[in-house]
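Right, one structure below, let's go through it.
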Amino acid sequence: MFIADLPAATPVEQVVVVTASRAPQQEQDTAASVTLIDADRVQRLGEPLLSSLLRLVPSTSLATSGPAGSQSQVRIRGAEANHTLLFIDGIRANDPAAGNEPRFELLSTDLGDMLEVVRGPQSALWGSEAIGGVVAVRSAGLDGAQAVGEAGSFGFGRLSGSAGLKSGRVSVAFGAGIQGARGINAFADGPGDRDGYRNRTVRGSISFRPTAAWEIGVSGFAIAGRSEFDGLDPLTFARADTLDESRNRLAAGRLFARYDNSGWKVSGGISHLGSRNRNLLAGDEQNRTAAERSTGQLQVERGFTTGGLDHRLIVAGEASRETFQARDLIYGGATDQDRDRSQSAITAEWRAEAGPLIADAAIRRDRFNRFEDATTVRASVLVKLSPAWSATVSYGEGIAQPTFFDLYGFFPGSFRGNADLSPERSRGAEASLRYASGPLSASATIYRQRLTDEIVDVFDPVTFTSTTANAAGRSRRQGLELEAGWAPSTALRLSATYAYLEASERTDPLGRTVKELRRPKHSGSVAADGTTGRLSYGAAISYTGPRTDRDFDLFPAPTVRLGSYWLGSARVGYRLTRQIELFGRIANAFDEDARDVVGYRTEGRSAYAGIRLGLGR
């Protein structure tokens with residue numbers, strides 16, 4: 001489908017989520033806090049990078065260290081940047097060569113056109129890194145082909161194409177795109193050189209059904225990114241207008257099989273992910289990291305009924321192995337290292353439904369060969385109070401394994417890792433009240449989370465060196481989330497969010513409680529999209545409240561305040577024919593000085609125009 005009219009508002013009971021449980025379920029039946037951004041909204045808002053769309057998700061803050069393509073860190077419900085688990089087409093995609101962080105700056109909308117965000121600890125289902133929540137990127141699928149070309153401010157350009165075919169027992173999908181910009185000078189206080197980016201993406205999948213019960217397939221993606229940025233002066237170690245550059249590659253593939261017959265569902269697969277990151281200064285390589293992750297999974301699911309209670313039992317096993325390599329050219333190879341580690345886990349999930357009551361419980365045991373094992377649990381209850389009203393209560397636990405840098409990192413005279421670290425641990429509870437009737441929906445959620453064994457840097461003022469350690473104190477996060485939606489017709493779909501967050505940590509040796517950095521206390525968004533006649537349109541406004549950051553240009557790095565900002569964007573498309581659409585969009589419509597990190601600027605107001613071509617249905 002290319003630019004056909006938007007279908008009628010999707011009934012709530014038909015919306016399916018894939019990461020709130022080990023098995024897909026209808027949105028109104030899950031107690032988890034889930035936000036879905038579908039393919040229609042992604043297209044109508046027109047954002048080229050998926051990270052920008054996360055501003056529309058409650059309690060999800062985005063911190064970008066400069067213009068588009070720069071490092072982008074996502075913090076859900078006040079969690080750390082490496083406490084979000086990312087799936088791309090069902091493949092775990094956190095980068096083990098970059099501190100286990102998701103590389104959101106590399107994710108373009110050519111990689112996927114649907115976003116699903118589950119908030120709160122989910123390690124009992126998915127394992128490590130799922131402390132703040134889980135983000136899943138996937139494609140809605142296309143029966144036909146389309147191509148997009150776009151250009152605009154700051155030297156931005158984009159070309160992409162995708163195609164899909166379903167014929168008999170075979171389904172094939174493919175997509176590719178390239179985008180980039182010359183950018184702006186990221187350094188806050190000087191004209192300097194421009195810091196731009198370039199991003200190339202390829203994705204594809206093919207599946208085959210030899211019988212009605214069996215499906216086998218293969219899928220994968222590859223990303224190559226290049227980002228210019230302003231780093232540190234090599235003499236003063238202060239932020240400066242430098243010629244730093246990062247080149248990144250991330251690629252993964254998955255082979256899978258599914259069986260569904262006589263009440264039994266069995267699925268399994270193997271996947272492999274590889275990453276490579278190189279840092280250069282004025283064209284000369286400074287250092288590089290590389291990593292690989294191989295994973296095997298098997299899951300068995302069975303539904304049955306006892307009396308008036310419908311049950312679903314899921315048991316899953318997983319094993320993975322990671323390798324890590326670091327090399328440098330500026331310390332004569334002193335930081336070089338080759339490491340590996342392995343992990344295995346078994347997960348059991350039970351789900352039961354009886355009339356208006358739905359209960360869910362899960363337990364997972366992770367075994368690690370380099371640090372202590374971990375057990376996590378999750379439990380939830382959803383009660384349908386009436387056809388329109390429901391209430392939920394849930395409890396969940398999360399873990400985050402130490403990164404290779406935490407364990408073994410080394411820089412001569414400044415930093416040495418700690419191989420005795422334990423995984424970080426989180427516990428959280430939430431309760432929500434929801435309403436959904438016809439075109440109107442709304443929800444209110446309160447939550448509290450506690451993080452223990454947080455991995456922090458420990459500085460020795462005598463030797464001026466640092467290492468890592470598990471902090472003795474606790475980090476506390478609690479807040480309120482409000483969501484509302486209204487979809488009266490195909491001409492308008494409106495949504496609004498607001499989030500309040502209190503995030504503090506007590507991790508220093510003196511036991512002091514301080515506010516967490518880069519977490520706004522207040523945030524929110526309003527988004528609208530629709531279609532009428534030959535027109536399609538989308539607009540969004542997001543608000544990020546004041547935050548704090550550390551200014552490392554000064555000693556001893558004082559805490560400073562970052563001001564609030566509003567980001568507005570809009571896109572309008574006009575269909576010339578059934579196959580041709582012209583569109584224009586604007587970003588940062590209010591020309592805000594939106595700074596997420598001390599010392600780095602982002603783009604001002606910008607405008608773009610493009611064309612979309614489509615074939616097929």
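What is the sum of charges around N248, taking Lys and Arg as +1, Asp and Glu as -1, for the other residues whose C-beta is under 10 Å from the C-beta of N248?
Summing Lys and Arg as +1 and Asp and Glu as -1 gives +4.
At 1.4 Å probe size, what's the solvent-accessible area of I206? Round to the nearest 10 Å².
80
Sorting check: for 148-159, 234-245, which peptide has the highest mean count of neighbouring beta carbons within 10 Å, and how do the rest follow?
So the peptides 148-159, 234-245, ranked by packing, come out 148-159, 234-245.
Considering the options G127, S275, A68, tell which one lies farthest towards the positive end of the dipole of the chain, charges being +1 on Lys and Arg and -1 on Asp and Glu at the Cβ, about the Cα centre.
So the residue furthest toward the plus end is G127.
Counting Lys and Arg as +1 and Asp and Glu as -1, each charge on the Cβ, what is the dipole of the chain about the Cα centre in debye, to the nearest 20?
In debye, rounded to 20, the chain gives about 1320.
Putting +1 on Lys and Arg Cβ atoms and -1 on Asp and Glu Cβ atoms, find which of V266, T236, S246 reaches farthest to the positive end of the dipole of segment 229-287.
Farthest towards the positive pole: V266.
Checking the a/c ratio against 1.5 first, then a/b against b/c, what shape does the Cα gyration tensor give for the chain?
Rounded, since a/c falls under 1.5.
By its C-alpha gyration tensor, with a ≥ b ≥ c as the square roots of the eigenvalues, how is segment 22-161 shaped: rounded for a/c under 1.5, else prolate for a/b larger than b/c, else oblate?
Taking the square roots of the gyration eigenvalues as a ≥ b ≥ c, segment 22-161 is oblate.
Rounded to a whole number, what % of the accessible area of the chain do carbon and sulfur atoms account for, probe 1.4 Å?
58
Pull up the cross-link candidates among the aspartates and glutamates for K384, meaning alpha carbon to alpha carbon under 15 Å and not fewer than 8 places away within one chain.
Hits, sequence-local ones excluded: E13, E27, D29, E353, D360.
What is the dipole size for segment 363-411, taken about its Cα centre, with +1 at each Lys and Arg Cβ and -1 at each Asp and Glu Cβ, in debye to the nearest 20?
Computed charge dipole of segment 363-411: roughly 260 debye.
Hey, what's the chain come to in accessible area per residue, 1.4 Å probe, Å²?
On a per-residue basis, 43 Å².
Just read off the accessible area of L440 with the full protein assembly in place, 1.4 Å probe, to the nearest 10 Å².
Ignoring ligands and nucleic acids, L440 comes out at about 80 Å².
Probe radius 1.4 Å, ligands and nucleic acids left out: which of K265, K515 has the largest accessible area, and how do the rest follow?
K515, K265
At 222 nm, what helix-only mean residue ellipticity would the chain give, in deg cm²/dmol to the nearest 500, using -39500 (n - 2.57) for each DSSP H run of four or more?
Dividing the helical sum by the residues of the chain leaves -500 deg cm²/dmol.
The values are calculated or read from the model by the stated rules, or taken from the named source; none is laboratory data. Computed from a predicted model, the values in this text were never measured in an experiment. All Cβ positions, glycine included, derive from the backbone under ideal geometry; neighbour counts span all protein chains shown. All accessible areas refer to the heavy atoms of the entire protein, side chains included, with ligands and DNA or RNA removed. Shrake-Rupley method; radii C 1.70, N 1.55, O 1.52, S 1.80 Å.
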